[in-house]
C-alpha cells in the first residue's frame, strides 16, 4: 500500500520531476549543492572577538572622561613604543646568550688543548698581573657605603618628594607599584641640575620615562626622567651642578615632576640613602 505524501513532500517530488525533465544528462549528486562545512575554531574565534569588543566598549564607557584626553593618547602612544622596545630587548637578550655560549665553548676547547695550556703557563707573571689590572678598575662602587666614599652627589632640584623608593600604591592605572627611584614634585620648567660629575650616556624620548637622560661615572648611573626639555647630548662631559634639563610630565607621568634614580651596575638603590632631600 503506497504511503500518502503530505503537502511538502508532494511539492518536493514535483520539483524533482520537473528538474529531471529539464536536466536529463545531469546526475542528482551533481545538481545538489554542496553543504559548506562549519568549523568550531571559527566560532570560538568569533566569540572571543565579540568579547574583546564588548570589554573595550565597557572600558570606554567607564573611562569616557579620560579616554580621549591628551594624557591618555600620549600614554597609549608610549605603550606602543614600549612593545617595540621590549621586543628588541628580547632579541638582544637571545643574541647575548648565543655569544655567551660561543665564549664558553671556546673556553672549553682551550682547556682541552695541551699546547695552549703550555703557552699560557709559559707567560711571565708580570704580564698576567698587568692584564688583571687592566680588567679591574682601581675604584669600583659595590654598595651604598662605597658609593658615598667614591662619588659626591647634590640634589638635582629643590622640591617635595611626592613618591619614595620601593613599593607603593597608586590610584592611577598607569603607575606601577615597583618604584625604582624617587619623584620630586616641582613646577613645569624648573631647571634640573646634574647630581654628579660624569658622561652623558643616553638622551632619549622613548619609553615610560619620556624625555630622559642618563649620566654615568665608572659603574654608577644617575637618571633624570619626564623632562620637558633636555639641554645635553650623548657623549658630553657633565660637571656636578650643571643644568641638563627642565621639569616636565612626558612619558608615563601624572603631573610635572622629576623621576630621579641612582644605579650601581644598573641595579637601582634608594637615592635617599645617598642624598638628603
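The values are calculated or read from the model by the stated rules, or taken from the named source; none is laboratory data. In this text, all values refer to a predicted model and were calculated from it rather than measured experimentally. Using ideal geometry, Cβ is built from the backbone for each residue, glycine included, and neighbour counts are taken over all protein chains shown.
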Query raised in the report: Which residues, taken from the stretch 224-254, are within 22 Å of the chain's Cα centre (by Cα), under 13 Å from residue 191 (Cβ atoms) and crowded, with 21+ Cβ neighbours inside 10 Å?
Result: 224, 227, 248
Query - Search result, residues across the stretch 217-230 that are touching a strand residue (DSSP E or B) at 6+ places or on another chain (Cβ under 8 Å) and not in a strand (DSSP E or B) - result: 219, 226
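One line per residue, one yes/no per condition, for (1) assigned to a loop (DSSP other than H, G, I, E, B); (2) closer than 16 Å to residue 179 by Cβ; (3) out of contact with any helix residue (DSSP H, G or I) (no Cβ under 6 Å at 6 or more places or on another chain):
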site	(1), (2), (3)
214	no, no, yes
232	yes, no, yes
259	no, yes, yes
272	no, yes, yes
Query raised in the report: In the stretch 255-277, which residues are more than 27 Å from residue 146 (Cβ to Cβ) and surrounded by 17 or more Cβ atoms within 10 Å (Cβ to Cβ)?
Result: 256, 257
Query raised in the report: Of the residues that sit in the stretch 172-202 and are in a strand (DSSP E or B) and within 17 Å of the chain's Cα centre (by Cα), which one is modelled with the lowest pLDDT?
Result: 178
Query raised in the report: Taking the stated definitions as given, is residue 221 under 21 Å from residue 165 (Cβ atoms), surrounded by 15 or more Cβ atoms within 10 Å (Cβ to Cβ) and modelled with pLDDT of 95 or more?
Result: yes
Report task. Say whether the condition of being out of contact with any strand residue (DSSP E or B) (no Cβ under 7 Å at 6 or more places or on another chain), assigned by TED's automatic domain parsing to the domain that holds residue 224, surrounded by 11 or more Cβ atoms within 10 Å (Cβ to Cβ) and modelled with pLDDT under 90 is met by at least one residue in the stretch 152-168. Result -> no
